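Okay, structure first, notes after.
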Amino acid sequence: MKTLRVGIASRETYKKRTLAIAKGEYVPTKDEPKVWFESLGTLSQVLSDQNRDLLKLILQTHPQSLSELAEKSGRATSNLSRTLRTMERYGLIHFEQGPNRQLVPRVDYAGVELEMSF
């Protein structure tokens, strides 16, 4: 399983980079981060110990619904849903359509690698 490469960039820096890519002025290399966080604080919130445990639980148990994951994790479904939506925005998880139209969380990465310059 692959590792997700993430970076830290200010909103302004990220915006400039995105516009340069859209204009064809910059072509990202394949080894550059695919996901960007605005600060180490944001990264540490999204990848807190509790959230990393949740990602590991999804990888190991392959839950078939949010309800099943809530039961396995001991977290409330509403809290879990909010947390997973945040993780989805950062590309850490995705949802598949499960039985009875339930959302099934999936993790595509075994870990995260941080790239950060000063």
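Assorted remarks:
- Residues (more than 18 Å from Leu40 (Cβ to Cβ) and either over 13 Å from the mean Cα position of the chain (by Cα) or surrounded by 14 or more Cβ atoms within 10 Å (Cβ to Cβ) (or both)) located in segment 108-118: Tyr109
- Any hit, segment 34-52, residues being under 30 Å from Glu12 (Cα atoms), in contact with a Ser or Thr (Cβ under 7 Å, 6 or more places away or on another chain) and part of a loop (DSSP other than H, G, I, E, B): yes
- Residue count for segment 17-33 satisfying the condition of being free of Cβ contacts under 8 Å to residues at least 40 places away in the same chain, closer than 19 Å to Glu113 by Cβ and in a loop (DSSP other than H, G, I, E, B): 4.
- Of all residues in segment 85-102, those satisfying the criterion of being assigned to a helix (DSSP H, G or I) and closer than 19 Å to Gly7 by Cβ are Thr86, Met87, Glu88, Arg89.
- If you go through segment 73-99 and keep only what is of a type in the set (D, E, K, R) and within 14 Å of Val46 (Cβ to Cβ), you end up with Arg82, Arg85, Glu88, Arg89.
- Considering only residues in segment 1-59 that are aromatic (Phe, Trp, Tyr) and more than 14 Å from the chain's Cα centre (by Cα), the one that is modelled with the highest pLDDT turns out to be Tyr26.
- Only one of Pro105, Pro63 that is part of a loop (DSSP other than H, G, I, E, B), surrounded by 14 or more Cβ atoms within 10 Å (Cβ to Cβ) and without any contact (Cβ under 8 Å) to a residue 60 or more places away in the chain: Pro63
- The set of residues from segment 76-102 being surrounded by fewer than 17 Cβ atoms within 10 Å (Cβ to Cβ), within 17 Å of Asp49 (Cβ to Cβ) and more than 13 Å from the chain's Cα centre (by Cα) comprises just one member, Asn79.
- Hey, Ile58 loosely packed, with under 14 Cβ neighbours inside 10 Å, out of contact with any His (no Cβ under 6 Å at 6 or more places or on another chain), among the aliphatic types (A, V, I, L, M) and within 19 Å of Tyr90 (Cβ to Cβ) or not: no
The values are calculated or read from the model by the stated rules, or taken from the named source; none is laboratory data. Fair warning: this is a prediction, and the values are worked out from it, not measured in the lab. Here the Cβ is made from the backbone with ideal geometry for all residues, glycine too, and neighbour counts use every protein chain on show.
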